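The values are calculated or read from the model by the stated rules, or taken from the named source; none is laboratory data. Quick caveat: nothing in here was measured; it's all calculated off a predicted structure. When we count neighbours, we look across all protein chains shown, and the Cβ atoms used for this are built from the backbone with ideal geometry, even at glycine. The area values use the complete protein model at the heavy-atom level, side chains included, leaving out ligands, DNA and RNA. Shrake-Rupley method; radii C 1.70, N 1.55, O 1.52, S 1.80 Å.
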Amino acid sequence: MSRKPLSAPAAAQPIVEAMRASQPLSRLVDRLRESNAMFATILPLLPKALAASVQPGPLDETGWSLLGANAAVAAKLRQLAPRFEERLREQGHPVAAVRIKVLPS
């Protein structure tokens with residue numbers, strides 16, 4: 001029994017290049033960057049103790065989500081949401097709505 005020699009694997013494409021080459025992945029990366037930029041915009045409005053319990057969430061056509069670590073954090077974020085929306089508009093991040101969600105535990 002003779003075995004066929006293994007051929008050399010195709011050169012791996014770095015993930016960044018693959019993401020740029022794929023239109024759906026490229027859009028996903030753009031939304032991720034925009035979500036992070038929006039979070040940086042509202043971060044100064046968050047009390048320091050609260051900021052550690054908040055993460056930027058998904059951005060889509062219907063709005064942007066902020067993710068709170070628990071229900072108490074989410075409740076405070078809901079109180080601050082109008083200020084977030086105002087700051088985002090002022091800084092050139094028009095968003096339909098800021099949604100507040102609780103991270104699953």
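A few points about this structure:
- Inside the stretch 31-61, residues that are under 18 Å from A97 (Cβ atoms) and touching a Lys or Arg at 6+ places or on another chain (Cβ under 8 Å) make up a count of 7.
- Pairing each residue of the stretch 65-91 that is touching a residue at least 12 places away in the same chain (Cβ under 8 Å) with any residue that is open to solvent by 10 Å² or more (accessible area, probe 1.4 Å) and of a type in the set (F, W, Y), provided the two are 6+ apart or on different chains, yields C-beta distances under 9 Å for L66/F39.
- Boolean, A12 is free of Cβ contacts under 8 Å to residues at least 40 places away in the same chain, of a type in the set (A, V, I, L, M), touching a strand residue (DSSP E or B) at 6+ places or on another chain (Cβ under 6 Å) and outside any helix (DSSP H, G or I): no
- Looking only at the stretch 22-70, residues that are open to solvent by 50 Å² or more (accessible area, probe 1.4 Å) and in contact with a strand residue (DSSP E or B) (Cβ under 6 Å, 6 or more places away or on another chain) come to 5 in all.
- For the stretch 23-65, the tally of residues that are acidic (D, E) and under 18 Å from R87 (Cβ atoms) stands at 1.
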